[in-house]
Each structure stands twice: as C-alpha cells, then as structure tokens.
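A short write-up of the structure that comes next.
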Amino acid sequence: MDKPNQFVQYIQIHREELLNEWTEQIISIDDQKVSSIISDQMYTNICNEYINILVNHFMVQDKDSMENIIDYSHRLVQLGWGLGFIIDSLGVFGKILFKHMAEDSSEMEQMKFVWEYDRWISPINRELLNQYASSWQKAVNLQKIALQELSAPLIPIFDNITVMPLVGTIDTERAKRIMENLLQGVVKHRAQVVLIDITGVPVVDTMVAHHIIQASEAVRLVGAKCLIVGIRPEIAQTIVNLGINLNQIITKNSLQKGVEAALEMTNRKIISTGE
C-alpha cells in the first residue's frame, strides 16, 4: 500500500457502508449529545463531509483542500463538538477503515496498513485538529470581547446624562473595564452626570466599594458628576458594617431617584401634565 489512491479507491467504492457504520457508532458514543438540537442527519452530513475532505485531499492536494479543512473545523466549533469527541470520532473511523481493509490480511500487511494510514491520513487529522483549536480560540476571544463590552456598558438616556448598569460580581479585571468605559464614555457622550446602577450587583464588599469609589473619583476628575444608584437596604447595611466611607459620593436607592437627581443637576426636571 504505497500509494494514497488505494485509500481513495476503497473509500469511494465502499463509501455508503463506511459512512453508515461510522455515523451509527459516533452517535452511540455521544452519550451526552454534543448539541441538544443536532439531528442524526447532521451527524451523517458531518461524517460525509470528512470523507469528502479525505478524497479531495488525495486527488487534488492544493490550497482548496486546506481551505476545506479550515471551513470544516470551523463548522465543528459552531456545532459545539468538543475536542475529545472529535478525536474519538476520528479514531472510530480509523478502526472501521482498518477492519474493512486489513482485517483478513496477514500481520505484515496489517502493520503496513497502520504505517500507511499514519503516513497519509494522520497528517490530515492533525491539521484538522490544529485548525479546530485555532477556530475555537478565535471563537473564545470573540466571545470574551463581546462579554467585556456587555459587562460595563455606558448608555446615554438624556442629553449629558448616562447610565452604567452593572450586573453580577465585580473583580479586578472587570473593574478596570468599568473604569475605561466610564472615562471614554464621559468624553464621547459629553456627559455631565453619570449614574452607576449597582442594583444587579449581588455583593458589595470592601474591594467592590473601593472600585466604585475609584470610578466615581475618576469621573469627577474628567469634569462630570457621579451618582451611585440601586443601593438596596442589605447593601447599605453591609457598607455601614464595613466602615466604607461614601460621604463624598451621591447615592440613591433606585435608578428612578437617580435620574430625577441627575435632571436637577442639569437644570431640568420631570413635570406631570394633566389631561
């Protein structure tokens, strides 16, 4: 077996049989289902596409075959297929191919099959896994950037008034993002008053309070005023018990009260109109 086209010839002749057996086996080993919405037909399509990659790579071996591998690995990431499951699935295909092509051969021929498989098909698998890792890392980086942007949004609600709603825990990295977004947003939106809404922050400890005080001071230094809103009774009690000094910061217990105060600071107010 010194020519890769022997793999191609066998795969092309026995394609349907190989495809059905492989699909059936990887569905059976996927106990937890890599995706709750993936259908059996999707497994078949993915397996069939891999076989196309093998055949095209042996027959063409140009830049298009590499692009096919990159596209395929990217699709696996989008489907949520884990690296371990992909490795297991490729291993299953190799065993099926070995069983069909070398099961009745001599020990010497079987060893030759293993050597040729490692020579011709294993490099394709390695490249596929490398591209998968690269695609996965890119996806993670994009998600991280998106989460960072959503973790500290600055939203203009009136002329010169912006709100930063905070939800979830605040660690050092996120506090840095809050500071950056605040300072950039104050300049961008020409904000005179910034409301930091901590209604969705479950715990305010000394570190969190320190970060909020720092952010408030930074806003003041660039010429705007900062209000902390959404201080619930339990948060207020925690702040008092910790001895945290918020005397220099205007606080309100709700976003509504904060907006009313911000409007007054900018010489405006909400007026009820009768019918």
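The values are calculated or read from the model by the stated rules, or taken from the named source; none is laboratory data. In this text, all values refer to a predicted model and were calculated from it rather than measured experimentally. Backbone-built Cβ (ideal geometry, glycine too); neighbour counts: all protein chains shown. Note: accessible area is taken over every heavy atom of the protein model, side chains too, but ligands, DNA and RNA are not part of it. Shrake-Rupley method; radii C 1.70, N 1.55, O 1.52, S 1.80 Å.
Numbers for the structure displayed
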{"quantity": "Top-ranked residue in the range 113-147 [being open to solvent by 60 Å² or more (accessible area, probe 1.4 Å) and aliphatic (A, V, I, L, M); ranked as modelled with the highest pLDDT]", "calculated": "VAL114"}
{"quantity": "Qualifying residue in the range 50-69 (condition: surrounded by 18 or more Cβ atoms within 10 Å (Cβ to Cβ) and under 22 Å from the mean Cα position of the chain (by Cα))", "calculated": "yes"}
{"quantity": "Any hit, the range 77-95, residues being among the basic types (Lys, Arg), assigned to a helix (DSSP H, G or I), under 22 Å from ILE11 (Cα atoms) and modelled with pLDDT of 90 or more", "calculated": "yes"}
{"quantity": "Selection from the range 209-229 of residues that are farther than 21 Å from LYS257 by Cβ and of a type outside the set (D, E, K, R)", "calculated": "HIS210, HIS211, GLN214, ALA218, LEU221, VAL222, GLY223"}
{"quantity": "Any chance GLY185 is in contact with a Ser or Thr (Cβ under 8 Å, 6 or more places away or on another chain), open to solvent by less than 70 Å² (accessible area, probe 1.4 Å) and small (Gly, Ala, Ser)", "calculated": "yes"}
{"quantity": "Filter pass, LEU195 being more than 35 Å from the chain's Cα centre (by Cα) and at pLDDT 90 or above", "calculated": "no"}
{"quantity": "Candidate set from the range 240-275 (those that are at pLDDT 80 or above, open to solvent by 100 Å² or more (accessible area, probe 1.4 Å) and over 27 Å from MET207 (Cα atoms)); member that is farthest from the chain's Cα centre (by Cα)", "calculated": "ASN267"}
{"quantity": "Verdict on THR162 being β-branched (Val, Ile, Thr) and surrounded by 20 or more Cβ atoms within 10 Å (Cβ to Cβ)", "calculated": "yes"}
